[in-house]
Amino acid sequence: MNTQLRENIHWVGYVDWSVRDFHGYNTNRGATYNAYLLQDEKTALIDTVKGLYLDHLLDNIRQHTPLEKIDYIICNHSEHDHSSSLPRVLAACPQAVVVCDQKCREFLKMQYDISEWNFQIVKTGDTLTLGKRTLQFMETPMVHWPDSMFTYVVEEKLLFSMDAFGQHFASSHRFDDEVDLPTVMAEAKTYYANIVMLYGKQIAKVLEQAARLEIEMIAPSHGVIWRSHIAEIVAAYQEWVVCQAKPKVVVLYDSMWGSTKRMAEAITQGAALEGVEAKLISVRAAGITEVATEVLDAGAIAFGSATLNMGMMPMMSAALTYLKGLHPVGKAGIAFGSYGWGKGATEDLQAWLQSTEIEILGEPLKCKFRPNREVLAECETIGRQLAEKARELAAR
């Protein structure tokens, strides 16, 4: 495995092949916890790994240098997947100074005993000279925590981008041109949709700042390192930060005895007849990770649920709670569903839509028990209307 980014700059992280859940995010392709070692007149470790994998990190470092020769540990972000090994790394590297911004120090203090740690606090524009190489720091608050920071190696035109541009993707290869690009881009999209969609405005500002830098390589904290397809991932981010709509309709539903499913299928068929991309997703079968990923670039969305106990189905409720937290914008939607003797699901769906920035295309379509031909025809018409709206939003 090639771990060398540049001369005397190496990846020393850990590949987690088996993880399938990352605080609710379904990581079907595993993950990596990336850390990087820079050796110059001074030696710096860029980030650490999840605490479970401390020994792997230390062993990887030892392949290049004794632990006692590490002078700096750059902490770009204090979330546990990057910092939970930090206390023991510092115990193994007694000379090391923790370099981070003020907010990160505050967060580290609330998570660990830092009373014996040495700190060097930096802010945007500050630099740290290692010898022939200079580290330049850029605070990137809310990408995706308040303490997030980028570290840029000026002479190498190398950006350590923390969680930005990352993917949960386990591979025996470290670089984007060593793996299947469509797969990596799909995982980058899933990562963006599920981790940072909420922070699109902040990320847009960071992209503007980063555009002033000469960048030949982007090394994120998860997934592969970008060295050949930087233009592609940056262009994708520029679309994702505004939830740029495609001519695409997504139909999300949960059904009890198949009536709401039949309505969902008819809506999907109507959208497909208009020639747009149409996706039918059972939230119970797919899960919230796929739901968020497909919603990211959808122009129009239909939300459907059967009524259970005077409300919507539980997995639909969970999916909507998750989506509301991610705050998708630039989309249109409508509610639909079947009920029996008691209503509730479509009313709940409509109330949820009203609480978001999603443009509501009309009153909910309700069906008592099984849909007849007239109801299914109305569903198909709604699908066509959603397709037309998706085209309109994609053209903006």
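Please grab the % of Cα pairs in the chain that end up more than 40 Å from each other. The partial results should precede the final answer.
On the way: 20296 of 78210 pairs.
Roughly 26 percent, rounded to a whole number.
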Can you pull the Rg over Rh of the range 148-222, Cα-only, Kirkwood? 0.96
Where Rh denotes the Kirkwood radius from the mean inverse Cα pair distance, what is Rg over Rh for the range 264-396? 0.94
Across LEU198, LEU57, LEU280, the residue with the highest GNM fluctuation in the chain (Cα network, 10 Å cutoff) is LEU280
State the antiparallel share, in %, of DSSP beta bridges confined to the range 4-240, rounding to the nearest 5. 65 percent
In Hz, Karplus ³J(HN,Hα) per residue of the range 35-49 (6.51, -1.76, 1.60; θ = phi - 60°; x = Gly, Pro): 9, 9, 10, 10, 10, 8, 4, 10, 10, 10, 9, 8, 6, 10, 10
How large is ³J(HN,Hα), in whole Hz, for each residue of the range 250-257 in order, when computed from phi with the Karplus curve 6.51 cos²θ - 1.76 cosθ + 1.60 and θ = phi - 60°, using x for Gly and Pro? 10, 10, 9, 7, 9, 10, 9, 10
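To check you understand DSSP bridge types, tell me what percent of the beta bridges within the chain (both residues inside) are antiparallel, rounded to 5. Don't skip to the end; give the middle numbers.
Details: 28 of 65 bridges.
The antiparallel fraction comes to roughly 45 percent.
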If Rh is defined by the Kirkwood formula over all Cα pairs and Rg also comes from Cα, what ratio Rg/Rh do you get for the range 4-240? 0.93
Can you list the lysines whose alpha carbon is less than 22 Å from that of LYS109, not counting same-chain residues fewer than 8 positions off? LYS50, LYS123
Which cross-chain or sequence-distant (5 or more) residues have an amide H under 5 Å from the amide H of PHE336, H modelled 1.01 Å from N in plane? PHE303, GLY304, SER305, LEU365
For the range 1-138, inverting the pair-averaged 1/r of distinct alpha-carbon atoms gives a Kirkwood value in Å of 15.5 Å
Report the residue, chosen from MET315, MET110, MET263, that carries the largest GNM mean-square fluctuation when the chain is represented by alpha-carbon nodes joined by springs under 10 Å. MET110
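We did not get these values from a lab; they are worked out from the coordinates using the rules stated. Because the structure is a prediction, the values reported are computed rather than measured.
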